[in-house]
Amino acid sequence: MIDMTEKSFEKASTPGISESESAVIRFGQKIAWSALAPPLVFIAMLLGVSILNSNYLGPLGISIATATAAPIMFLALGQSMVLNIGSIDLSNAAIALLGALMLALALPPLGVGAFVLILLLVTIIGAINGAIIGYAQVPSFALTLGTLAILQTAALVVSGADTIYVSENRELVSVLFEKQILNAPLTFWIGILTAVILWVVLRYTILGQNMTAMGKNELGATLSAVPTRRVRIITYALSGFMGGLAGLSIVAQAGSASASGLGSDLLLPGIAAALIGGTSISGGQTNPLNVVFGGLTVGFVPIAIQAMGLGAQAQSLVYGIFIILVVALTTVRSRDSIIK
Amino acid sequence: MEAPTVLKLKDISRTFGHVSAVRSISLEIRRGEVIGLVGENGAGKSTLLKILSGVEQPDSGTMEINGVPVSFRSPNDAVRAGVGVVHQEQSLFTNLTVAENLDQRNAGRIGYKNWARVNNECVAALKKIGVSLDPTTRVSDLSFVDRQMVEIARAVSIDPNMTGTPLIILDEPTAVLEQTETAVLEREIRKLKEIASVIFVSHRLDEIMRICDRVVVLRSGKIVSDKKTSEVTKEDLFRDMAGGVSQTAHAIRKRLPEGAKPAIEVHELARKGKFKNISFTARPGEIIALVGSNASGREAVARAIFGAETYDAGTIGVKGKRVLRWSIRKAVQAGLAYLPAERKVEGMIAGFSATRNIALVYQGDGASGPFLKLRKLAEAAQGWFDRLEVRPNTISRPLINFSGGNQQKIVLAKWLNSPYTDVLLLDHPLRGLDVGAAQTVNAEIVKACENGAAVILIPDTIEEALEMADEIIVMRDGGVSARHDMRKTNNLTVQDIVADMV
Amino acid sequence: MQFVLPKEWKGPAALIASIVVLAIVFTFLNPRFGSLENFRNILFQVAVPLIIIVGTTLVIQLGSIDLSVQGIMGAAGMAWILLSANTRLETDYGIWAWVIGIGIGLTLGLLAGALHSLIKVPSFVVTLGTWYIGLGIGIILYGDAMLPSLKSDVLMAWPTKLTLGLPNAFWLAAVILGAGVLLSRYTHFGRGVLAIGNSETIASNTGMPVHTIKIIAFTLAGGLSALAGILATMQLGAGSPDLGSGQLFTVIPAAVIGGTALSGGEGGIMRSAVGVFLLIMLNNGLVLAGVNPAYQSGVFGAILIAAIVAVARPDRGILKIEK
């Protein structure tokens, strides 16, 4: 489904032909534009809102938008890491929800230890996803669709279909939401911090280099001795971990968790944020710092819609148009490539 | 009365960058003629075929089909003019039936599909070439030779309403066939004469002599001989293909002392359907060339040694130790390097910068722990750019934007960047390279040998093997058909080796 | 006639066998499972996903994917009910309600197909976009006013009404399914879809109208999702923008279990339909066996994983790339 690497080179294998200069220049410009698009889209939206109705950009507006953005941002960051290796993780939002429920259950008896336990658990769940894909060689889309369904059921079993309130030790987690810096909750700033860390991983570590190489050309990476199976497991584990952080920020905000409550429908916003953040669905291209803008854009859309006077009902419509527009405008494509 | 001319080429030329692939070729083919087209790899055969089938356009020259001047802009144009090609790699939809694959006339439609008619036409088309296959069979269920028949039937049935004679091009149709299958195919090709003109490309001269009326020999992009089959012998053809040069100057390089411990020992290696009983030893400083046609199995042997393909029987030893549970990772850790023939798809990460490509396998002091020092990596890359004269001299440029020769230099640099690399598996290292880049790459190979590396080379041409190798192992149909120790022979010729190959 | 019969019936045999085994086991667990009433109930439930899966299968056979199902269902269902006799508006446009409802689906499908094929936006992204757009249209139509319910008793009763002993909803689905099978098997379009899924490069080299075929497939998928949305609205008797909720996660596993590989070029509408039957029957059987309905998605997931792992087993290899 996301494969365009192999076939797209078929026609390019003519010996000795170098790209014409103009093609190279065009290529360069596209790269620059797609790198700048996510912040530009976000800034354009902010400008639009401030022109239409600057009241929405007050402390309350920022506080709401960043709080909404925080869990989406965590999921989008994890998703963009998976997309970067050329796969997809449809189960990450379900992991987040399960993590949130278990955190709500574990906090009262375990206190701080609950964080460690839950984050470890979601990381293992992610790693299992990666291991099955790597060893059984199944498509990630179908596999994570399966784990998504299983995890949803697990969430129902764990919660008994009830809302789980954090009865004790609630302050341990709610502080992450209530403590605000520049009107944005601590969870949001943790998101920024992890984005920076992921950016460093991708740019300055062997692991990150291997991840991107794998997403750009998995066969080529395999033949260059990149341990693709291990890289895949680590990437999915990371996605699980980020899902855990998303779950944490949900509990921090709501003080409770339920299988159908806050955060139960974050899979698509997470993917949308990753895509609006400039991550390529066909792999090998992402920038976690831009994904932050993708998350912010998705988080700000409700406010922007209100500022435009459209009413909250237009939200989905605007998301849809945004996704298509941003990706259509920023995709680098060549005439011969086969896009599925 | 002479039969009418079906194909007429006049002064066709095509260059890629600095390489002249096809130089001023003029050729006439008459109705009912079967022309054999031979020449070594790189002689220009494939470029000529691409021009005839509309994949490439000539830089100059004219082309006439059935007396009408043509210029093909796409493969479709060629099909419409009556040129049908049977490719080396099959171009059938494996998930559809035989009849559907033959049904080219309806390719542009989307409406009602008259199965009865499609199937009946298929039976007719197959009958035309004397084959009976069930038209409703799924192509993936057919044997290779049957698929080849379907391709031929398709090439023949290009347009039933066409008035002229179709020209059928068979590009090494027998390369992967068993002996008995080949016999069937030969019989079919002879039948084709009645309805078409045929260009038959093959490495196997025996076949050419049996099937063809005329043989055209290509060398370095030119036609060097064009004679009736009855007037030539196999030996003449060998000589024409090799260019009359009976011997090539052997590259002079510093010898390492004999008797060093073997870097690679392959013993009775086999994989069902690919290769069998392959044994050889490569010592540090030695170059072993695996020579053979495309279907000889030599690529698969190289990949098995690198851990990229499995093998069923036999053993691989690296530096005196037999390997177990072999994998690419272990091979690279043991010092092996592999330069694949499909450079763009397998050899490099096209969208990555040159720096990142070079740093993919080994980072040296460009890494501390898990972290990369980008400045150090850039320095290392710049070092390679200077040493190999990579142009343009921009290490941050994505590899896709370099020419083939410069890409290959960078791919080689990726492996040589590691001080531990001491076995090089080189699959067509010079493919598509211009002379300058080829010299640079060869010089690096020789230098690596002098520094103690063992090289297993799958060369583009036999000259390349004669020039570089210490030992030449000739492969045919998956097995070893001859061995030549170049340190002991000094009068081995290209003809001798070609004779072992076919 | 000997040419007409497809040789594609080997794969589903195992599926049909497992359906039979399941039916026996479920009847053993709860005899009510085997009753005629429950049989009709299953056919009623199976109708909506059966209609959807015709389009889904075509798109997956191309090697693409269509995520927009639930969004389009919401948009078309809301548009249809607001234009039919309902409790909110005094309007009744009769047949035009159908035209507009299905028209919304066709338009969104056309949009997705055109953007994907001509501007080369990956199908995943573009149909994610049309999913949201459809959902958005549905939500806007729903608005803040009261829930629109169907006024016409005839329309409300139509899906459950029996014709020749089987519910109408199923007959509608069966007709669509039959048309889909014919389209897939007896038109150059249907076979072209398979050809493109097998190799898009060869397809365009042989002069196939690749863009047209792709656009038609996505448009059809959109139209069928819309029809499914209307039927679901009828079954519910009221409009809701997210009445398609969960359908995507039924039809994609069903197609995959039926042998339609996500990489394209394989499988068939009939086989996907068998996959739908298996999943819906499982659902129904588990309810009757006393399993909490909330746990069924877990069972679906486990079956999906088992199926894809089993399918992938024979052709694993060192250099095989599966994304």
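Values in this text are rule-based calculations from the coordinates and carry no lab data. Quick caveat, the model's predicted, so the values are computed rather than measured. With ideal geometry, Cβ positions are generated from the backbone for all residues, glycine too; neighbour counts draw on all protein chains shown.
Look at the dipole of the stretch B:61-122 built from charges on Cβ: of B:Val85, B:Asn106, B:Asn66, the Cα furthest out on the positive end belongs to B:Asn106. Among C:Ala306, C:Ala294, C:Ala13, the largest mean-square fluctuation in a Gaussian network model of chain C (Cα springs under 10 Å) belongs to C:Ala294.
Count, for each residue of C:140-152, the Cβ atoms from other chains sitting within 10 Å of its Cβ, then give me the mean as a whole number.
Counting other chains' Cβ atoms within 10 Å and averaging over C:140-152 gives 1.
Quick check: net charge around C:Lys161, other residues with Cβ under 12 Å of its Cβ, Lys/Arg +1 and Asp/Glu -1? That works out to 0. Loop-resident trypsin sites (Lys or Arg not before Pro) (DSSP state other than H, G, I, E or B) in the stretch C:156-263 with no more than 13 further Cβ atoms inside 10 Å of their Cβ: C:Lys161.
If you take all other residues with their beta carbon under 15 Å from the beta carbon of C:Lys151, and give Lys and Arg +1 and Asp and Glu -1, the sum is -2. Considering only C:Val274, C:Gln296, C:Ala238, the residue lying farthest towards the positive end of the dipole of chain C is C:Val274, judged by Cα position with unit charges set on Cβ.
In whole percents, the pair-distance distribution calculated for the stretch A:28-144 from its alpha-carbon pairs, binned every 10 Å from zero, is 11, 28, 27, 24, 9, 1. Computing Rg and the Kirkwood Rh from the Cα coordinates of chain C gives a ratio, Rg/Rh, of 0.98.
Taken residue by residue and averaged, Cβ atoms of other chains lying within 10 Å of the Cβ of C:181-191 number 4.
Against the main long axis of the alpha-carbon atoms of chain A, helix A:21-53 sits at an angle near 30°. With 19 Å as the limit on Cα-Cα distance, the pairs of B:Lys272/B:Lys319; B:Lys319/B:Lys409; B:Lys344/B:Lys409 that go past it are B:Lys272/B:Lys319; B:Lys319/B:Lys409.
Highest GNM mean-square fluctuation among C:Ile139, C:Ile65, C:Ile52, for chain C modelled with Cα contacts below 10 Å: C:Ile139. Note: relative contact order over the stretch A:149-242, using C-alpha pairs below 8 Å and six or more positions apart, is 11 percent.
What is the packing order of peptides B:412-425, C:85-98, A:61-74, taking the mean over residues of other C-beta atoms within 10 Å and listing the highest first? Spell out each step's value before the answer.
Details: B:412-425: 21.2, C:85-98: 14.4, A:61-74: 24.6.
The packing order, highest mean first, is A:61-74, B:412-425, C:85-98.
Cross-linked pairs B:Lys8/B:Lys234; B:Lys274/C:Lys320; B:Lys276/B:Lys321; A:Lys216/C:Lys120: Cα-Cα separations exceed 24 Å for B:Lys8/B:Lys234. The reciprocal of the average 1/r between distinct C-alpha atoms defines the Kirkwood hydrodynamic radius, which for the stretch A:130-180 equals 14.1 Å. The residues neighbouring A:Ala96, those whose beta-carbon lies less than 13 Å from its own, together hold a net charge of -2 under the Lys/Arg +1, Asp/Glu -1 convention. Volume per residue of the convex hull around the Cα atoms, evaluated for the stretch C:105-246, comes out as 124 Å³. According to the square roots a ≥ b ≥ c of the eigenvalues of the Cα gyration tensor, what is the shape class of chain B, taking rounded for a/c under 1.5, prolate for a/b larger than b/c otherwise, and oblate for the remainder? In terms of gyration-tensor shape, prolate.
Mean per-residue shielding of peptide A:203-215 is 4, counting Cβ atoms of other chains within 10 Å of each Cβ.
In this structure, the amide hydrogen of B:Gly39, modeled 1.01 Å from its nitrogen in the peptide plane, lies closer than 5 angstrom to those of B:Leu218, counting only residues at least 5 positions away or on a different chain. Relative contact order for chain A: 35 percent, from Cα pairs under 8 Å spaced at least 6 residues apart, divided by residue count. Residue order for A:Val157, B:Val22, B:Val6, fewest other beta carbons within 10 angstrom first, comes to A:Val157, B:Val6, B:Val22.
Centre-to-centre, using Cα atoms only, the stretch B:423-502 and the stretch C:54-80 are separated by 57 Å.
Put simply, the amide H of B:Val85, placed in the peptide plane, has neighbours under 5 Å in B:Ile169, leaving out anything fewer than 5 places away on its chain.
Working from Cα positions, state the angle (0 to 90°, nearest 10) between the long axis of helix A:92-110 and the longest principal axis of chain A. That works out to roughly 30 degrees. In a reduced charge model with +1 at each Lys and Arg Cβ and -1 at each Asp and Glu Cβ, chain C shows a dipole moment near 700 debye about its Cα centre. In a Debye calculation with equal point scatterers on the alpha-carbon sites of chain A and no solvent, what is log10 I(q)/I(0) at q = 0.09, 0.10, 0.13, 0.15 Å⁻¹? The calculated log intensity ratios at q = 0.09, 0.10, 0.13, 0.15 Å⁻¹ are -0.49, -0.60, -0.99, -1.26. Given B:Val139, B:Ser157, B:Val123, which one lies farthest toward the positive end of the charge dipole of the stretch B:111-172, if we put +1 on the Cβ of every Lys and Arg and -1 on the Cβ of every Asp and Glu? It is B:Val123, whose Cα lies furthest towards the positive end. The aspartates and glutamates within cross-link reach of B:Lys447, meaning a Cα-to-Cα straight distance under 17 Å and a gap of 8 or more places when in the same chain, are B:Glu286, B:Asp386, B:Glu389, B:Asp422, B:Glu464, B:Glu467, B:Asp470. Once the Cα atoms are used to define both axes, helix A:267-276 deviates from the longest principal axis of chain A by about 50 degrees.
Largest GNM mean-square fluctuation among C:Ala114, C:Ala79, C:Ala17, using chain C with Cα springs under 10 Å: C:Ala17. Only Lys, Arg, Asp and Glu carry charge here, each on its Cβ (+1 for the first two, -1 for the last two); on that basis chain B has a dipole of about 1200 debye about its Cα centre. For the stretch B:314-359, the list of trypsin sites (Lys or Arg not before Pro) that fall in a loop by DSSP and count at most 10 other C-beta atoms within 10 angstrom reads B:Arg325.
Taking amide H as placed 1.01 Å from N in the peptide plane, B:Ser225 has its amide H under 5 Å from the amide H of B:Val217, each at least 5 places away in sequence or on another chain.
Loop-located GluC sites (Glu not before Pro) across the stretch B:33-113 with a Cβ neighbour count of 16 or fewer within 10 Å are B:Glu89, with loop assigned by DSSP.
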